[in-house]
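Reviewing the structure listed below.
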Amino acid sequence: MSEEVIKLERVTAGYKVVKGALSIWKQVNVVLRDISFSIGKSERLAIIGESGSGKTTLLKVILGLLKPIKGSVLLYGRDIYRIPDEEREKILRKIGYVPQDPYRSLNPVLKVKTIIGEPLEVIGENKEKIEKRVVEVARFVGLPWSALDDTPEELSGGMRQRVLIARAIIANPEILVLDEPTSALDVSIQAQILNLLNNIYSNFKPTMITVTHDLAVAQYLADRVIILKDGCIVEEGKLEEVLYNPRHEYTKTLVSSYLYTTTTNSVSGFNNKS
Amino acid sequence: MVLAVKTVNLRIGYLDEEEEKIQWAVRGVDLEIQEGESFCLVGESGSGKTTLANAIAGILPPHAVTQGKVYIFDKLVVDDSSRNYNGVRGRIVNYIPQNPGTSLNPFLTIEDHFYYVLRDLYKYDKSKSKSIAIETLSKVGLTSEILDYYPHELSGGMKQRVLIALALASNARIIVADEPTSSVDASLRAGILGLLSKLNKEYRVTLIIVTHDIKMTSAICNRTAVMYSGEIVEIGKTSIILQSPKHPYTRMLMECVPILGVEKPLKPLPGEPTRIFEDISWCSFRERCPYASVECKTTPSMIPVGDDESHFVKCWRFHEVA
């Protein structure tokens, strides 16, 4: 494997829960247990699991938003929770993040062009350069010119997703983190977004981490998969290996649930055709 | 065969207050569904599939504008602007909502859910509703233990099963399921589809499923209608539609579905369904259609395809779609 970009060592993470009227009982609800894995440069990894398995928590840990209880999170060889804030910020700026829900992740009062330009504004680029870059990125992700002056409310789900992707890639990130990039979208829009993400990968070769519950989506966005179940990694490997030779019980049910819907005669007829 | 659902030139619209125009979500749908059939409505968001399903289930919002007719087992429920679902909604037609996580009352136990439904419909008392609850829960593969649980104590798949059991408890003969698998995890989809299929086959419930995932239809439905911009653009037996789709939109829907273990390029058409405010005299798919030509300036009619008398397509150039 080439240079390790992200490395997690025995990470245990969770949330503090306060119970009782006087908030005296403090308890930690552990979501991730003993997670270790690493990702090389320009590698594409998918994290797969059902709701409640800890996928989104794992992303929070990687994005520097949730300090793990135990273990270390290394980005470019530096433990992001044990270095000075300035240095951490510098490293985290290399990450572009596409949040889960396009309907709730955009500020409804800002114009689309302001939203897309925000990452550059934060690092203090000048206005002209931001404007130029916004137009460039919007064209790349397929946002129409007229949409730049709209607010997100006026856009459809697919267009909002394009805005989120544009915002994530505007600062040329080396790592792209996608949280359920297509789960809120229809099949045809999902296909447009999957093609766009593949286009981004072939142009810029970022390290890509995708969280999804759908193996069929993962095969378009990843070469390697990690299967999470109840906060533990139950299976890890190349996508084909996991698909054709699942070892864990959960992976087996997951894979067989697809075969149920795709191996009927009518659909295999369609497979041969395309 | 008895007709379970029949619509005659059904149009449903919503008033757009800003523009002071009616946006038509369903435009002139003629549909016949036989009793005991499992029928699937496929389309993207904005295609009008949910509005049509709501009209059958009797849960259109009061501000919706309707024209045309809907019959449920020979009873006229929609007659132009008057709508009367008394004795039909809940008793004959029942509805399984889209999101199991938010469709159950968090303050009620599962037993109470059954009690309130059956009390309102048939004035049953607690003990009778409990025995019905146990019976229907066993049909969906749940034990009577969960009667005392609150919704948050159940997993997503179990909640979906409870919703299906609730729909069954009222002895409904038609069940309308809105996206039954879109909000449950991938690993649970097969189980839910298997269950719905079992209800259809063993209990002769007429099943109407609304989905955007055309590959899912193959698992349970024997007939499929594809909707675009409020119209049915292709209708026929599921196996025939999946093997040789004749409408360019159906073809695109199939080419967009990622299939596990099959590496194929996804070929979406650019654009999204158009919103329609007035009567149009052209084909609504014209702008996105790769086969569009001069004749597409007039609305196509339902054209029968081949020898199969149940397969119809709304496209002038369906011969070229191969």
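Among the candidates A:Ile91, A:Ile35, the residue that is closer than 30 Å to B:Leu188 by Cα and either out of contact with any Gly (no Cβ under 7 Å at 6 or more places or on another chain) or not in a loop (DSSP other than H, G, I, E, B) (or both) is uniquely A:Ile35. Of all the criteria given as (1) within 25 Å of B:Glu309 (Cα to Cα); (2) under 18 Å from the mean Cα position of the chain (by Cα), the one not satisfied by B:Leu193 is (1).
Within region A:225-240, the set of residues being over 15 Å from A:Ser36 (Cα atoms) and crowded, with 17+ Cβ neighbours inside 10 Å comprises just one member, A:Leu239.
The residue that is nearest to B:Glu35 (Cα to Cα), among those in region B:226-247 that are surrounded by fewer than 23 Cβ atoms within 10 Å (Cβ to Cβ) and not β-branched (Val, Ile, Thr), is B:Lys237.
Can you confirm whether region B:96-108 contains a residue that is under 30 Å from B:Asn9 (Cβ atoms) and either at pLDDT 90 or above or assigned to a helix (DSSP H, G or I) (or both)? Yes, because at least one residue in region B:96-108 is under 30 Å from B:Asn9 (Cβ atoms) and either at pLDDT 90 or above or assigned to a helix (DSSP H, G or I) (or both).
Considering B:Val5, B:Val88, the condition of being touching a residue at least 40 places away in the same chain (Cβ under 8 Å) and in contact with a strand residue (DSSP E or B) (Cβ under 7 Å, 6 or more places away or on another chain) is satisfied by B:Val5 alone.
Exactly one residue among B:Glu287, B:Glu278, B:Glu263, B:Glu309 is touching a Gly at 6+ places or on another chain (Cβ under 9 Å) and in a loop (DSSP other than H, G, I, E, B), and that residue is B:Glu287.
In region A:196-218, the residue that is farthest from A:Tyr244 (Cα to Cα) out of those that are in contact with a Pro (Cβ under 7 Å, 6 or more places away or on another chain) and facing chain B (nearest Cβ under 7 Å) is A:Val217. Of all residues in region B:286-309, those that are under 15 Å from B:Tyr249 (Cα atoms) have Cβ atoms under 6 Å from Cβ atoms of residues that are acidic (Asp, Glu), 6 or more apart or on another chain, in B:Tyr291/B:Glu320. A:Glu153 falls short on exactly one of the conditions (1) in a helix (DSSP H, G or I); (2) at pLDDT below 90; (3) under 21 Å from A:Ile200 (Cα atoms), and that condition is (3). Here B:Glu272 meets each of (1) within 7 Å of another protein chain (Cβ to nearest Cβ); (2) of a type outside the set (A, V, I, L, M); (3) open to solvent by 30 Å² or more (accessible area, probe 1.4 Å); (4) without any contact (Cβ under 8 Å) to a residue 24 or more places away in the chain with one exception, condition (4). Being touching a residue at least 60 places away in the same chain (Cβ under 8 Å) and either under 16 Å from the mean Cα position of the chain (by Cα) or under 15 Å from A:Lys94 (Cα atoms) (or both) is the filter here; which residues of region A:58-72 pass it? A:Leu58, A:Leu59, A:Ile62, A:Leu63, listed by residue number.
The set of residues from region A:190-204 being open to solvent by less than 10 Å² (accessible area, probe 1.4 Å) and in contact (Cβ under 8 Å) with a residue 24 or more places away in the chain comprises A:Ile193, A:Leu194, A:Leu197, A:Ile200.
Among the residues making up region A:158-172, those that are buried (at least 18 other Cβ atoms within 10 Å of the Cβ) and either in contact with a Ser or Thr (Cβ under 9 Å, 6 or more places away or on another chain) or at positive phi (or both) are A:Gly158, A:Arg160, A:Gln161, A:Leu164. Please go through region B:51-91 and pick out each residue that is open to solvent by less than 50 Å² (accessible area, probe 1.4 Å), outside any strand (DSSP E or B) and not small (Gly, Ala, Ser). Passing the criteria: B:Thr51, B:Leu52, B:Asn54, B:Ile56, B:Leu60, B:Pro61, B:Phe73, B:Tyr85, B:Val88.
Looking at A:Ile115, A:Ile130, just one residue is in contact with a helix residue (DSSP H, G or I) (Cβ under 9 Å, 6 or more places away or on another chain), free of Cβ contacts under 8 Å to residues at least 24 places away in the same chain and surrounded by 15 or more Cβ atoms within 10 Å (Cβ to Cβ), and that residue is A:Ile130. Return a yes/no flag: does region A:159-169 have any residue that is within 14 Å of another protein chain (Cβ to nearest Cβ), closer than 26 Å to A:Ile62 by Cβ and in contact with a Phe, Trp or Tyr (Cβ under 9 Å, 6 or more places away or on another chain). There is at least one residue in region A:159-169 that is within 14 Å of another protein chain (Cβ to nearest Cβ), closer than 26 Å to A:Ile62 by Cβ and in contact with a Phe, Trp or Tyr (Cβ under 9 Å, 6 or more places away or on another chain).
Scan region B:9-38 for residues that are assigned to a strand (DSSP E or B), farther than 16 Å from B:Ser284 by Cα, among the small types (Gly, Ala, Ser) and more than 14 Å from every other protein chain (Cβ to nearest Cβ) and the total you get is 1.
Only one of the listed residues (B:Glu278, B:Glu287, B:Glu255, B:Glu309) is within 12 Å of another protein chain (Cβ to nearest Cβ), out of contact with any Phe, Trp or Tyr (no Cβ under 8 Å at 6 or more places or on another chain) and either open to solvent by 20 Å² or more (accessible area, probe 1.4 Å) or farther than 22 Å from A:Asp186 by Cα (or both). That residue is B:Glu255. All told, B:Leu41 falls short of being surrounded by 18 or more Cβ atoms within 10 Å (Cβ to Cβ), of a type in the set (A, V, I, L, M, F, W, C) and assigned to a loop (DSSP other than H, G, I, E, B).
The values are calculated or read from the model by the stated rules, or taken from the named source; none is laboratory data. It should be emphasised that the depicted structure is a prediction, and the values quoted were computed from it without experimental measurement. Glycine also receives a Cβ, built like all others from the backbone with ideal geometry; neighbour counts cover every protein chain displayed. Ligands, DNA and RNA are stripped out before the accessible areas are found, and what is left, the full protein with its side chains, is counted by its heavy atoms. Shrake-Rupley method; radii C 1.70, N 1.55, O 1.52, S 1.80 Å.
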